[in-house]
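In what follows, a structure is listed as structure tokens, so that the remarks can point back to it.
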Amino acid sequence: MKRKVDYTWRLAELMAARGMNTTTDLIPLLAERDITLSRPQVYRLVNQRPERVSLQLMSALCDIFGCGPDALLTVTAVNAREHHRAANAGPNVMRLDRAVRPRRANILDE
């Protein structure tokens with residue numbers, strides 16, 4: 001029987017829970033672990049769903065957030081016939097604390 005496999009990338013949620021408000025906050029933490037990424041690469045890593053991630057990068061992210069790969073990546077798999085019914089039920093995702101949110105910047109004219 002065929003199975004439909006999908007995943008949810010949760011890096012932005014982990015960053016918000018840790019109080020990291022911008023994607024550039026992640027660059028020096030990655031550099032400490034010998035991972036060099038440009039600002040646009042880190043932005044895409046945080047805000048888009050990556051198709052490929054190296055194991056070194058995944059290990060560095062797990063070390064930064066003190067978690068396992070299962071906190072960064074939530075995998076869902078259902079039988080192809082049951083996919084239509086399961087899509088209405090929602091993914092099997094552990095919810096993070098939604099009270100922790102990035103603060104909005106307040107720009108003052110001088």
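Can you list the helices (runs of 4 or more DSSP H) found entirely within region 1-57 that contain at least 2 residues being free of Cβ contacts under 8 Å to residues at least 40 places away in the same chain and buried (at least 16 other Cβ atoms within 10 Å of the Cβ)?
Values: elements: 11-18, 26-31, 39-47.
The qualifying helices (runs of 4 or more DSSP H) are 26-31, 39-47.
Quick one: count up the residues across region 59-110 that are modelled with pLDDT under 80, under 20 Å from residue 17 (Cα atoms) and under 16 Å from the mean Cα position of the chain (by Cα).
Of the residues in region 59-110, 10 are modelled with pLDDT under 80, under 20 Å from residue 17 (Cα atoms) and under 16 Å from the mean Cα position of the chain (by Cα).
I'd like to know if region 64-81 contains one or more residues that are charged (D, E, K, R), free of Cβ contacts under 8 Å to residues at least 60 places away in the same chain and either closer than 23 Å to residue 103 by Cβ or surrounded by 13 or more Cβ atoms within 10 Å (Cβ to Cβ) (or both).
Looking through region 64-81, none of the residues is charged (D, E, K, R), free of Cβ contacts under 8 Å to residues at least 60 places away in the same chain and either closer than 23 Å to residue 103 by Cβ or surrounded by 13 or more Cβ atoms within 10 Å (Cβ to Cβ) (or both).
The values are calculated or read from the model by the stated rules, or taken from the named source; none is laboratory data. Nothing here was measured: the structure is a model prediction, and the numbers come from that model. Virtual Cβ from ideal backbone geometry, glycine too; neighbours counted across all protein chains shown.
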